[in-house]
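For reference, the structure is listed below as structure tokens.
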Amino acid sequence: MQDQTNPRRPKRHTYSPKTETLALLKVSGNPINGLGEATPRRPSPFFWHPPDQHPYGELQNLARLSSRKCPGSAPAFIAAYNHPELIPVADVRSEASAEHFTAEAKAFALSHEADAIGIAPMDPLYVFEGYTINEPWVIVLALAHNYERLKEVPSDETNGIGVTDVGDQYARGTRSSYALANWIRAQGYNASAYPGPSASALLLIPPAIASGLGELGKHGSLISRHFGSGVRLAGVTTDMPMVATARDSFGADEFCKTCQVCTNACPPGAITEHKQLVRGVERWYVDFDKCIPYFAESASCGICIAECPWTRPSVRPKLLAKMAQRLDEMKL
């Protein structure tokens, strides 16, 4: 149920964007995202890409400014953009099996701030148009939110706890992904890091799903069986021999078909009731034109992932058990 005790959250459909914010939404983002397209294609550069690659540079700047005005958030996001240089790839390659390298990479990542790791073969559809990735493997790292901090979203000048936690997890993802990339390079293999929040070549949620880190939720974000929707992602691509991790279907997608929590909690009403066709795939989709003005004005929002029942630590085990039973019954 939506937390109506949080004074920073307007009720659904009571929010209207400021005139000056709406003026920055110069074209609809839904066609750029591929809404209604029946043919699969690579994603177009979008929010959090360089402003000259999409028409929302001014909105992107507004979102950044509104989040940075919140107490504690600026240092957190500065840390998210600071990372070590990538070291040169070692001249001599370590020789081992793909199974050995996979186990070593997992152990390294989990000992360097990652909370979970998934591995998937590269798919051209994971790469934004205009970018190139040559490595055949994608390693996705999951960084879990602190639920008690996350549920304080959205943030403003009076309370920056929620958005600061967002920045903190992105910073962990930056440190973890660059550390793993450098570990791989020290073994003599190519590796590149792709942390958030600013996007580059790599789309992260699809390989996260393919590698078993979770399922896509109605709110357009990943739902993890371990962390719910309270999770951020970072990626590493590499040519080190790897073994793919399996998809994990635990009932989140099925649960979203009837759950109304994030739908009702979304102030601009951007979360749709049914899946839609997006770049050739029928999936959950959030209306960009409704979401992003509130997101920009409200320090990057985060209400939908904080309110998701899967994110609540006390609720998640019960949901896992309930959905496991339902999925078993569906097989009969």
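Of all residues in region 81-117, which are closer than 25 Å to residue 229 by Cβ and either at pLDDT 95 or above or among the basic types (Lys, Arg) (or both)? Of everything in region 81-117, those that are closer than 25 Å to residue 229 by Cβ and either at pLDDT 95 or above or among the basic types (Lys, Arg) (or both) turn out to be 106, 109, 110, 112, 113, 114, 115, 116, 117. Confirm whether residue 40 is touching a Lys or Arg at 6+ places or on another chain (Cβ under 7 Å) and not aliphatic (A, V, I, L, M). Yes; evaluated as a whole, the condition is true for this residue. Each residue in region 79-100 was checked for being out of contact with any Ser or Thr (no Cβ under 8 Å at 6 or more places or on another chain) and outside any loop (DSSP other than H, G, I, E, B), and 3 pass. When each of 301, 308 is tested for being touching a residue at least 24 places away in the same chain (Cβ under 8 Å), open to solvent by less than 30 Å² (accessible area, probe 1.4 Å) and over 22 Å from residue 253 (Cβ atoms), the lone residue that passes is 301. A count restricted to region 208-218 and to residues that are part of a strand (DSSP E or B) and either in contact (Cβ under 8 Å) with a residue 60 or more places away in the chain or basic (Lys, Arg) (or both) stands at 1. Look through region 176-186, keep the residues that are open to solvent by 20 Å² or more (accessible area, probe 1.4 Å) and touching a helix residue (DSSP H, G or I) at 6+ places or on another chain (Cβ under 8 Å), and return whichever of them is nearest to residue 81 (Cα to Cα). This residue is 179.
Yes/no per residue for (1) at positive phi; (2) in a loop (DSSP other than H, G, I, E, B):
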{"residue": "194", "(1), (2)": "no, no"}
{"residue": "199", "(1), (2)": "no, yes"}
{"residue": "206", "(1), (2)": "no, no"}
{"residue": "220", "(1), (2)": "yes, yes"}
{"residue": "226", "(1), (2)": "no, yes"}
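Given the condition in contact with a helix residue (DSSP H, G or I) (Cβ under 6 Å, 6 or more places away or on another chain) and charged (D, E, K, R), answer yes or no: does some residue in region 71-91 qualify? Checked against the condition, which is being in contact with a helix residue (DSSP H, G or I) (Cβ under 6 Å, 6 or more places away or on another chain) and charged (D, E, K, R), region 71-91 yields no hits at all.
Residue check: residue 41 meets all listed conditions (1) closer than 19 Å to residue 293 by Cβ; (2) open to solvent by 30 Å² or more (accessible area, probe 1.4 Å); (3) at pLDDT 95 or above; (4) out of contact with any Phe, Trp or Tyr (no Cβ under 8 Å at 6 or more places or on another chain) but one, namely (1). Residues that are in contact (Cβ under 8 Å) with a residue 60 or more places away in the chain and either closer than 24 Å to residue 184 by Cβ or in contact with a Pro (Cβ under 6 Å, 6 or more places away or on another chain) (or both) within region 240-256 comprise 240, 241, 242, 243, 244, 245, listed in sequence order.
Among the residues of region 61-88, those identified as surrounded by 20 or more Cβ atoms within 10 Å (Cβ to Cβ) and among the aliphatic types (A, V, I, L, M) are 62, 63, 76, 80. Of everything in region 129-170, what is open to solvent by less than 30 Å² (accessible area, probe 1.4 Å), more than 19 Å from residue 211 (Cα to Cα), in contact with a strand residue (DSSP E or B) (Cβ under 8 Å, 6 or more places away or on another chain) and in a loop (DSSP other than H, G, I, E, B)? Give them in sequence order. Within region 129-170, just 145 meets the criteria. Residues in region 206-228 that are over 21 Å from residue 106 (Cα atoms) and among the hydrophobic types (A, V, I, L, M, F, W, C): 1 in all. Looking for something at positive phi and not small (Gly, Ala, Ser) - is there at least one such residue anywhere in region 21-33? Within region 21-33, not a single residue is at positive phi and not small (Gly, Ala, Ser). Just to be sure before I move on: is residue 178 assigned to a strand (DSSP E or B) and of a type outside the set (A, V, I, L, M) in the structure I sent? Answer is no for this residue. On inspection, residue 209 passes the criterion of being within 30 Å of residue 96 (Cα to Cα) and either open to solvent by 10 Å² or more (accessible area, probe 1.4 Å) or acidic (Asp, Glu) (or both).
Can you find a residue that is buried (at least 20 other Cβ atoms within 10 Å of the Cβ), at pLDDT 95 or above and among the acidic types (Asp, Glu) anywhere in region 260-282? No, every residue in region 260-282 fails to be buried (at least 20 other Cβ atoms within 10 Å of the Cβ), at pLDDT 95 or above and among the acidic types (Asp, Glu). Based on what the data block shows, is residue 231 under 23 Å from residue 140 (Cα atoms) and in contact with a Ser or Thr (Cβ under 6 Å, 6 or more places away or on another chain)? Here the answer is yes, as residue 231 does meet what is asked.
The values are calculated or read from the model by the stated rules, or taken from the named source; none is laboratory data. Computed from a prediction, not measured in an experiment: that's the story for all the values here. With ideal geometry, Cβ positions are generated from the backbone for all residues, glycine too; neighbour counts draw on all protein chains shown. Note: accessible area is taken over every heavy atom of the protein model, side chains too, but ligands, DNA and RNA are not part of it. Shrake-Rupley method; radii C 1.70, N 1.55, O 1.52, S 1.80 Å.
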